[in-house]
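Have a look at the structure below before the remarks.
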Amino acid sequence: MANNNNPLQLKSLNHISLLCGSVDKSIDFYVNILGFCPIKRPTSFDFNGAWLFNYGIGIHLLQSEDPEGMPKILQINPKDNHISFQCESIAAVERRLKQMKMKYVKNIVEENGIYVDQLFFHDPDGWMIEICNCDKLPVVPLCSSRSPFNCNIPNHHLQQQILTMDQQ
């Protein structure tokens, strides 16, 4: 029986799927740039692709049936769809991106004296990646038991965020 805070009884994000012009180029990017590891994929699939895993998330790469017809994204726009990864050192990430001669956009977000650094860049097919230190921002629910929206944020996560805020 589903409860109101979790109507579909979700547990976690499992994977994201990305359409690729070249699965091989994308594997190279996600393994060598972002540190993912290829994992076994069901042999019953009758199309080219690859499964990767790290950081508690899977990325499923799917070969496009029309690689030449895939949209060409030339400009890095932080307000566009993206996947985001938290990092230990934004400075180290930026140094590495410069070493690899990767084009990126840097952004800084400020909220109540807390500064979050963001670096945005594209994978080989134009899917945008963000690397950030977003864990500095507290998770503040905008809903309550009287709200028409239900929140399902574990108390331990909120307590950890509050402790982090108190330590700053």
Review point. If a residue has to be more than 21 Å from Gly56 (Cα to Cα) and either open to solvent by 30 Å² or more (accessible area, probe 1.4 Å) or among the charged types (D, E, K, R) (or both) to count, how many in region 10-26 make the cut?
Key: 3
Study note, to complete from the structure: Residues of region 33-49 being surrounded by 16 or more Cβ atoms within 10 Å (Cβ to Cβ) and over 18 Å from the mean Cα position of the chain (by Cα), in sequence order, are Gly49
Exercise for review: With respect to Asn54, determine if the residue is touching a residue at least 12 places away in the same chain (Cβ under 8 Å) and open to solvent by 70 Å² or more (accessible area, probe 1.4 Å).
Suggested key: no
Practice item. Restricting attention to strands (runs of 3 or more DSSP E) lying wholly within region 82-168, give those where 2 or more residues are at pLDDT 90 or above, open to solvent by 30 Å² or more (accessible area, probe 1.4 Å) and within 24 Å of Ser12 (Cα to Cα). Key: 82-86
Revision key, fill the gap. Expected single match for among the small types (Gly, Ala, Ser) and closer than 18 Å to Glu130 by Cα among Gly49, Gly35 is Gly35
Check your understanding: For region 27-74, what are the residues that are under 22 Å from Glu94 (Cα atoms) and small (Gly, Ala, Ser)?
Key -> Gly35
Point to revise | Residue list for region 46-68, filter: out of contact with any strand residue (DSSP E or B) (no Cβ under 6 Å at 6 or more places or on another chain) and within 11 Å of His15 (Cβ to Cβ) | key: Gly56, Ile57
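How many of the residues making up region 9-38 are touching a His at 6+ places or on another chain (Cβ under 6 Å) and free of Cβ contacts under 8 Å to residues at least 24 places away in the same chain?
0
The values are calculated or read from the model by the stated rules, or taken from the named source; none is laboratory data. Because the structure is a prediction, the values reported are computed rather than measured. Cβ: placed from backbone, ideal geometry, glycine included. Neighbour counts: every protein chain shown. For the accessible areas, the whole protein counts, side chains as well, though only heavy atoms, and no ligand, DNA or RNA atoms are used. Shrake-Rupley method; radii C 1.70, N 1.55, O 1.52, S 1.80 Å.
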